[in-house]
1. Count the net charge of all other residues whose Cβ sits under 12 Å from the Cβ of residue A:242, scoring Lys and Arg as +1 and Asp and Glu as -1.
2. Place a +1 charge on the Cβ of each Lys and Arg in chain B and a -1 charge on the Cβ of each Asp and Glu, then give the dipole magnitude about the Cα centre in debye, rounded to the nearest 20.
3. Counting partner chain Cβ atoms within 10 Å of every residue's Cβ in A:209-221, what's the average?
4. Across segment B:115-127, in residue order, what do the Karplus-derived ³J(HN,Hα) couplings come to in whole Hz, using 6.51 cos²θ - 1.76 cosθ + 1.60 with θ = phi - 60° and x for Gly and Pro?
5. Suppose every Lys and Arg Cβ carries +1 and every Asp and Glu Cβ carries -1, with no other charges. What dipole size does the protein assembly as shown come out with about its Cα centre, to the nearest 20 debye?
6. At what distance in nm do the modelled label points of residue A:233 and residue A:247 sit from each other, each positioned 7 Å from its Cα along Cα→Cβ?
7. Whenever you get a sec, line up A:239, A:250 from highest to lowest accessible area (probe 1.4 Å, protein heavy atoms).
8. Exactly which GluC sites (Glu not before Pro) in segment B:116-205 are in a DSSP loop and have at most 11 other Cβ atoms within 10 Å?
Number of protein chains: 2
Amino acid sequence: MIIIGEKINGAIPSVAKAIAGKDAEFIKNLAKIQSEAGANFIDVCASVEDSLELETIKWLIDLVQEVTDTPISIDSPNARICAEAIKFCNKPGLINSVSMEGDKIELVFPLIAETKWECAALLCDDTGIPQTGEKRLEVFAEIMKKAKEYNIAPSRIHIDPLVQMLCTSENGILTIMDVIKEIKKQYPDIHVTGGASNISFNLPVRKLVNQAFIVLSMSSGMDSAILDPTNKDLMGMLYATEALLGMDEYCMEYIGAYREGKFGVKK
Amino acid sequence: MIIIGEKINGAIPSVAKAIAGKDAEFIKNLAKIQSEAGANFIDVCASVEDSLELETIKWLIDLVQEVTDTPISIDSPNARICAEAIKFCNKPGLINSVSMEGDKIELVFPLIAETKWECAALLCDDTGIPQTGEKRLEVFAEIMKKAKEYNIAPSRIHIDPLVQMLCTSENGILTIMDVIKEIKKQYPDIHVTGGASNISFNLPVRKLVNQAFIVLSMSSGMDSAILDPTNKDLMGMLYATEALLGMDEYCMEYIGAYREGKFGVKK
């Protein structure tokens, strides 16, 4: 499982406060604990007003790179910011994200074409988030056409099928599970990613919904996720699910991660 | 989800002590709390020496029936005990269990043929637990042949595919998941059941493995389980999974169960 650590995000009040107050130690600590917990990428999202976004994301990226070698996930709804921020990173990371909306792909794909950068791509376009599985797969096909054009291997792409909140859904995540299966069938090396917590919006005891969601998504083929790697129960659940899905012979990884304290030990 | 409450089992040390000391209140309390937590059946397993099993199971059944109307699940590896204990029950419940081993089915099926009793049936025979999915499905076919012979509708049968411990498995539960899917495909009205905790034997932080196991099994079609209904995280996970699998429109059941305190509230 590829873990994209979600904790450095200006949409989280404590992080917004640290950004406003230039509290470097707070940010560095978030980078450090996520890296130690096993994050494969450290997501960095400023969530500030447009005029401050580029300088803020640079400040955040610099701080993360001071304390860890874990690659950066540049997180902005503005593809121009993503494109600019590439140069702040001292090694290839992940662009989070593009989609078929506007000129996002045209801006980002040429920049990462001949690199080792990876890229998250959302299944939406200028008409918004498609409501049917078929339509999402059409958007997916368009993204892959562009990826081929710029010679970006499927293994560098993390498709986010855009799971919507469960409380307004009529068939749960069955449609999304089918979309994930079809994507992995077409491109076995591609990654499928998603946030692990949007699903439970407006519901009580959200952690249970989030945990069950990630287990089910993994069974469909999701192999990347934006989540809090310091959430030990969630991390343990990921290792357990990989073992149950036959991806961890004799539970060696599960037991190893437990011994390393990645889950099961109360701090 | 059909919940078979597992707490009254002489294999659990505190229950063994209550049985040995004739502590009626202890047993009655276990029946009461499981019933209140939403159990559909209260499993009753003596786990005492053979000569005492029948009188012990009668004592346990009588106590359960003093405090709850929830049907009994008569749990014994000895089909003769199951057959005898039917008469202690004041309403139809569940026989737990038969299999193709020996004359178990011949003993039990005739007794429940013209009744509303349900029956758990394990996918094993005189050669033991089959190691391949194909062989388990062969045993399943034999059980269903017998069920047809005695006119026992699939909706009264809970098939237990016999999940073995994960730590010695090479492909996790993938084989079992395929077996469950095939069973539900052949008989959409049949129930598929299993213990929610054997899977994690010998592993650390067993609750995470148990929870992920039940989520994955439910996605394959498991709709019945032997578990502790007073385990609120596990119960919440069941409701969450049903909602995610499109079995709970707008999460009404999930939210209702939360409001009733079935999960999410610390005691």
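1. Within the 12 Å Cβ shell, the charges total -4.
2. Working: 27 positive and 38 negative charges, 125 e Å.
Roughly 600 debye for chain B.
3. Neighbouring Cβ atoms belonging to other protein chains average 6 per residue here.
4. Couplings: 10, 9, 4, 9, 8, 8, 10, 8, 7, 9, 9, 5, 8 Hz.
5. The calculation lands at about 840 debye.
6. 2.2 nm
7. A:250, A:239
8. B:170
The values are calculated or read from the model by the stated rules, or taken from the named source; none is laboratory data. Everything numeric here is computed off the predicted structure, so don't read it as measured data. Because the Cβ atoms are built from the backbone with ideal geometry, glycine has one as well, and the counts that use them run over all protein chains shown. Just the protein is used for accessible areas: all its heavy atoms, side chains included, with ligands, DNA and RNA removed. Shrake-Rupley method; radii C 1.70, N 1.55, O 1.52, S 1.80 Å.
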